[in-house]
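Below: the structure, in structure tokens.
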Amino acid sequence: MKKLAMTVLCLLMAFSLVACSAGKLTTDTTKTADETSKIASETAAGGRIGVSMPTKSSERWIRDGEGIKTGLEALGYEVDLQYAEDSVDAQLSQIENMIGKGVKALVIAAIDGSTLTSVLEKAKEQGAVIIAYDRLLMNTENVDYYATFDSIAIGKLQGGYIVDKLGLKDGKGPFNIELFAGSLDDNNAPLYFEGAMSELQPYLDSGKLVVRSNQTDLNQIATQNWDGQIAQSRMDNLLSANYSDGSKVDAVLSPYDGLSIGILASHKAVGYGNSAELPFPIITGQDCEPTSIKSIIADGQTSSVFVDTRELSKVAVTLVSQALSGQEVVVNKPDAFDNGVKKVSAMAINAQIVDKSNYKSLLIDSGYYTEEDLK
């Protein structure tokens with residue numbers, strides 16, 4: 001661990017420096033995560049930073065938390081990393097405890113971004129810098145910056161993948177599709193859906209895509225807590241109610257791997273994947289979780305979106321470092337995210353679609369996973 005910390009420290013110490021007044025915002029919509037993460041403190045500022053992650057049940061959040069912790073510790077900060085295991089009350093309690101310990105900054109991936117208003121007010125009264133991480137903190141003025149992926153672009157990747165794989169641009173169809181969305185207490189869920197529908201809606205309008213369940217409204221297709229079991233149960237119901245006449249599902253829009261695996265299990269239970277006459281539908285996903293990548297390799301789930309959490313962790317570390325050290329805070333999405341009270345500026349980074357054709361180059365060759373991880 002000491003060797004790793006020293007390596008990260010050397011990398012961060014080599015970052016280019018931008019000196020200016022504390023908290024000053026610099027807009028650069030051309031900046032990438034790598035370019036922005038080259039801007040860091042010249043010296044370790046020290047102090048305690050609170051990092052609040054939603055759960056350890058997803059490998060993704062473990063990677064995020066550890067990445068942020070390692071980066072901040074390399075800069076000389078003491079890090080209090082906590083996981084709330086998808087309990088809003090636990091997350092509130094953990095953040096209150098961090099504030100009581102005098103944290104200089106909070107990095108928060110909220111379970112429910114609208115429930116933290118009071119505790120964020122306490123943090124701001126104490127002078128803490130507040131960074132929303134991946135999920136926007138809603139209905140509060142007490143959020144300084146947002147480290148995120150471009151959620152609408154991710155949705156477009158998912159919807160566009162379905163369009164391409166079905167050959168809709170070539171006039172093929174009609175095909176049957178069912179739609180799933182994430183949890184409505186996560187601001188990303190409607191953005192993913194908006195992006196995906198921007199690709200899919202023209203084909204729904206033309207009849208080349210058909211939703212036999214007629215469930216197309218976000219409130220109808222949302223999945224509380226991003227729960228894969230809820231998604232599986234809903235897919236079970238969709239299949240029994242709408243596909244018992246021998247028709248088949250050709251595609252399922254799923255915004256997240258945890259849902260995708262449940263959706264896939266529902267199809268397996270009624271015989272999909274057992275013959276060439278009833279192949280698995282195209283099933284999208286996100287986060288490239290090991291279970292889903294193994295499924296992709298085995299011709300189950302079709303694709304996932306690679307959101308490189310190593311890069312997002314760097315963004316969070318850089319935003320904290322810039323804000324606390326008096327450097328310019330660089331963003332590429334100024335005033336871009338409306339949380340209901342204010343428009344929050346963000347550093348947003350891009351994602352990539354992953355399927356069986358490119359998982360090795362994007363995930364293994366990049367060092368994100370080893371081949372052993374995916375066996």
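The values are calculated or read from the model by the stated rules, or taken from the named source; none is laboratory data. Quick caveat, the model's predicted, so the values are computed rather than measured. Quick reminder, even Gly has a Cβ in these numbers, built from the backbone with ideal geometry, and neighbours come from all protein chains shown.
Quick look at the values:
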| item | result |
| --- | --- |
| The listed residue being modelled with pLDDT of 95 or more, within 17 Å of GLY159 (Cα to Cα) and of a type outside the set (Phe, Trp, Tyr), out of GLY262, GLY285, GLY273 | GLY285 |
| Of the criteria (1) in the same structural domain as ALA74 (by TED's automatic domain parsing); (2) in contact with a strand residue (DSSP E or B) (Cβ under 8 Å, 6 or more places away or on another chain); (3) buried (at least 24 other Cβ atoms within 10 Å of the Cβ), which one SER313 fails | (2) |
| Listing of helices (runs of 4 or more DSSP H) fully contained in the range 33-123 that carry 2 or more residues being at pLDDT 95 or above, surrounded by fewer than 24 Cβ atoms within 10 Å (Cβ to Cβ) and among the polar types (S, T, N, Q) | 88-100 |
| Residue that is surrounded by the fewest Cβ atoms within 10 Å (Cβ to Cβ) [pool: residues in the range 324-342 that are under 18 Å from LEU136 (Cα atoms) and of a type in the set (Gly, Ala, Ser)] | GLY340 |
| Filter pass, ASP186 being among the charged types (D, E, K, R), assigned to a loop (DSSP other than H, G, I, E, B) and out of contact with any His (no Cβ under 8 Å at 6 or more places or on another chain) | yes |
| Search result, residues across the range 313-350 that are more than 21 Å from THR117 (Cβ to Cβ), of a type in the set (Lys, Arg) and touching a Phe, Trp or Tyr at 6+ places or on another chain (Cβ under 9 Å) | LYS333 |
| Close pairs from the range 230-253: first free of Cβ contacts under 8 Å to residues at least 60 places away in the same chain and within 25 Å of VAL163 (Cβ to Cβ), partner aromatic (Phe, Trp, Tyr) and in a loop (DSSP other than H, G, I, E, B), Cβ under 7 Å, at least 6 apart | ALA231/PHE180 |
| Output for the range 240-255, where each listed residue is over 31 Å from the mean Cα position of the chain (by Cα) and assigned to a loop (DSSP other than H, G, I, E, B) | TYR243, SER244, ASP245, GLY246, SER247 |
| Scope the range 337-348; condition touching a residue at least 12 places away in the same chain (Cβ under 8 Å) and either hydroxyl-bearing (Ser, Thr, Tyr) or touching a strand residue (DSSP E or B) at 6+ places or on another chain (Cβ under 6 Å) (or both); matching residues | PHE337, VAL344, SER345, ALA346, MET347, ALA348 |
| Residue within the range 203-222 that is crowded, with 23+ Cβ neighbours inside 10 Å, part of a strand (DSSP E or B) and out of contact with any Lys or Arg (no Cβ under 7 Å at 6 or more places or on another chain) present | yes |
| Pairs with Cβ under 9 Å, 6+ apart, first in the range 80-103 and touching a residue at least 60 places away in the same chain (Cβ under 8 Å) and not assigned by TED's automatic domain parsing to the domain that holds ARG63, second in a loop (DSSP other than H, G, I, E, B) and hydrophobic (A, V, I, L, M, F, W, C) | none |
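Listed here are the residues, each with its yes/no results for (1) of a type in the set (Asp, Glu); (2) assigned to a helix (DSSP H, G or I); (3) outside the structural domain of ALA231 (by TED's automatic domain parsing).
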site: LEU136; (1), (2), (3): no, no, yes
site: LEU157; (1), (2), (3): no, yes, no
site: GLY182; (1), (2), (3): no, no, no
site: PRO190; (1), (2), (3): no, yes, no
site: PHE193; (1), (2), (3): no, yes, no
site: GLN201; (1), (2), (3): no, yes, no
